[in-house]
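Enquirer: Dropping the structure in here first, questions after.
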Amino acid sequence: MLCINGTIADVQWEENEATDELLSYVQNESIVVHTTIYGGFEQVGRLPQNFPRNDVPMTTEPGDVVLYSGNQLVIFFGSNSWSYTKLGHINLPAEKLTELLNRNEAAVEIRPQYQFDR
């Protein structure tokens, strides 16, 4: 699960090496990524370490969460075509994603599911 600017967002995580390592990392320590808007359709921020890449050409959709260059977390509220490693998809309507992400900066926190249940 993610928390974007204080709003909890349910994510359908992909089954791949990058996602496995990312979710394993947050079992020990939450990740807070300070992102900035890029291109008017995505938020991008640096992760604390490199994660395994399996980049493939894709066209993203609003809600897609991807890994770029092995150490950049990207969350889309628009669409783009590039090579990424897909990490997951946020289950929120496009309008809500735009409301959360169409700003200069965002704070994205990734932490274990059980911490959101408290």
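Read-outs throughout are calculated quantities, based only on the coordinates presented, and are distinct from any laboratory measurement. This is a predicted model, so every value here is computed, not measured. Reconstructed Cβ throughout: ideal geometry from the backbone, glycine too, with neighbour counts over all protein chains shown.
Enquirer: In the P(r) worked out for the range 23-81, what percent of Cα pairs fall beyond 14 Å?
Expert: That tail contains 57 percent of the Cα-Cα pairs.
Enquirer: Additional query: Could you give the C-alpha radius of gyration of the chain expressed as a fraction of 2.2 N^0.38 Å, taking N as the number of residues it contains?
Expert: Scaled against compact globular proteins, the figure is 0.95.
Enquirer: In a Gaussian network model over the chain where Cα atoms closer than 10 Å are linked, find which of Asn28, Asn16, Asn50 has the largest mean-square fluctuation.
Expert: Highest fluctuation of the listed residues: Asn28.
Enquirer: Still on this model: Find the eigenvalues of the gyration tensor of the Cα atoms of the range 55-94, then list the square roots of 5 times those eigenvalues as equivalent ellipsoid semi-axes, largest first, in whole angstrom.
Expert: Each semi-axis is √(5λ); the values are 16, 11, 7 Å.
Enquirer: Under a GNM of the chain (C-alpha, springs under 10 Å), which listed residue has the highest mean-square fluctuation: Val32, Val65, Val74?
Expert: Val32
Enquirer: Just want the answer: with Cβ charges of +1 for Lys and Arg and -1 for Asp and Glu, which residue in Ala18, Pro57, Thr35 is farthest toward the dipole's positive end in the chain?
Expert: Going by the charge dipole, the pick is Thr35.
Enquirer: With each run of n ≥ 4 DSSP H residues scored as -39500 (n - 2.57), what mean residue ellipticity at 222 nm is computed for the chain after dividing by its residue count and rounding to the nearest 500 deg cm²/dmol?
Expert: That comes out to -5500 deg cm²/dmol.
Enquirer: For Glu17 and Asn91, FRET efficiency with R0 = 22 Å and r from the beta-carbon atoms, rounded to 0.05?
Expert: Once the sixth-power term is evaluated, E becomes 0.45.
Enquirer: Could you calculate the FRET efficiency of Glu99 with Asp55 from 1/(1 + (r/R0)^6), where r is the beta carbon distance between them and R0 is 35 Å, rounded to 0.05?
Expert: FRET efficiency, Glu99 to Asp55: 0.75.
Enquirer: Got a sec? How would Ile31, Ile110, Ile8 order by Cβ neighbour count within 10 Å, fewest to most?
Expert: Ile8, Ile31, Ile110
Enquirer: Right, next: Could you list Lys86, Lys96 in order of exposure, starting from the residue whose Cβ has the fewest other Cβ atoms within 10 Å?
Expert: Neighbour counts put them in this order, fewest first: Lys96, Lys86.
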